[in-house]
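Below: one structure, written as structure tokens.
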Protein chains: 2
Amino acid sequence: MDAINLLEKAGLVDALWSPRVVGELNDVQVKVARIHGDFVWHDHEDTDELFLVIQGSMRVEYRDRAVTLNEGEMHIVPKGIEHRTAADEECWCVIMEPRGVVNTGEAGGELTAANDVWV
Amino acid sequence: MDAINLLEKAGLVDALWSPRVVGELNDVQVKVARIHGDFVWHDHEDTDELFLVIQGSMRVEYRDRAVTLNEGEMHIVPKGIEHRTAADEECWCVIMEPRGVVNTGEAGGELTAANDVWV
């Protein structure tokens, strides 16, 4: 029940593409992540997914377009829509989605992160 | 489906204590608000409530303590716990809670804002 400093929390994350939980709003988890490079194409059949950049910049890529996000900018991926995140330089972001959602969706692979790890 | 700049959106809000919706993550609305002064004591029986400061600073006050939030800091009020927000100078923040939640809870009063107004 204290103030959660998002940049400070992101700085404690010890690996890329490994979102760590910093809080819960009902069933929705607030996570921080460090990303760099391209993620895998995937979708989440049952849920939207929120991205908010807190340092650097990133893209949310769709098959037909891309949304660039700079610091203080947010984007919500609609459920069921294939997407991947990408960052040319390391970017720190907040990710919000319901507890239990797997970061790679059905795609799986080596970038699949452990779930429900707090920082 | 574009980038949502939170500061830009907050700058478009034309009244204090009047959260405006900027996006939806499933049933959860992402709102921006400008606050200044003291809100009313209230609680939300059925939901947590998230606050994230994007400009200035604010307090989330409980009956027995207060949490100060500066830029980039977040706090989640647990459901059912009486609280009020306060800001000595104007503060811009993000508020997240499910669609349909009334800002003053059961307390009502003149600070009760229209719901589901987008900016």
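Each reported figure results from applying straightforward, stated rules to the coordinates on display, with no laboratory input. What you are looking at is a predicted structure, and each value in this text was computed from that prediction instead of being measured. Using ideal geometry, Cβ is built from the backbone for each residue, glycine included, and neighbour counts are taken over all protein chains shown.
Here are some notes:
- The single condition among (1) facing chain A (nearest Cβ under 10 Å); (2) surrounded by fewer than 18 Cβ atoms within 10 Å (Cβ to Cβ); (3) without any contact (Cβ under 8 Å) to a residue 40 or more places away in the chain that B:A15 does not satisfy is (1).
- Checked against (1) closer than 20 Å to A:E97 by Cβ; (2) acidic (D, E); (3) surrounded by fewer than 18 Cβ atoms within 10 Å (Cβ to Cβ); (4) within 13 Å of the chain's Cα centre (by Cα), B:E97 passes all but condition (3).
- So B:W118, is it of a type in the set (F, W, Y) and surrounded by fewer than 16 Cβ atoms within 10 Å (Cβ to Cβ): yes
- Some residue of the range A:19-28 being assigned to a loop (DSSP other than H, G, I, E, B) and touching a Leu at 6+ places or on another chain (Cβ under 7 Å): no
- The numbered conditions (1) without any contact (Cβ under 8 Å) to a residue 60 or more places away in the chain; (2) β-branched (V, I, T); (3) assigned to a strand (DSSP E or B); (4) facing another protein chain (nearest Cβ under 10 Å) are all true for B:V94 except (1).
- Qualifying residue in the range B:98-107 (condition: in a strand (DSSP E or B), touching a strand residue (DSSP E or B) at 6+ places or on another chain (Cβ under 9 Å) and not hydroxyl-bearing (S, T, Y)): yes
- Of all residues in the range A:33-60, those satisfying the criterion of being hydrophobic (A, V, I, L, M, F, W, C), buried (at least 21 other Cβ atoms within 10 Å of the Cβ) and at the interface with chain B (Cβ under 10 Å from one of its Cβ atoms) are A:L50, A:F51, A:L52, A:V53, A:V60.
- Meets criteria (closer than 17 Å to A:E97 by Cβ, facing another protein chain (nearest Cβ under 7 Å) and crowded, with 19+ Cβ neighbours inside 10 Å) for A:L25: yes
- For the range B:77-91, taking the residues that are under 11 Å from the mean Cα position of the chain (by Cα) and surrounded by fewer than 22 Cβ atoms within 10 Å (Cβ to Cβ), the one that is farthest from A:E8 (Cα to Cα) is identified as B:R84.
- Among the residues of the range A:61-72, those identified as within 10 Å of chain B (Cβ to nearest Cβ) and surrounded by fewer than 22 Cβ atoms within 10 Å (Cβ to Cβ) are A:Y62, A:R65, A:V67, A:T68, A:N70, A:E71, A:G72.
- Unique match (being closer than 14 Å to B:V40 by Cβ and without any contact (Cβ under 8 Å) to a residue 40 or more places away in the chain) among B:R63, B:R84: B:R63
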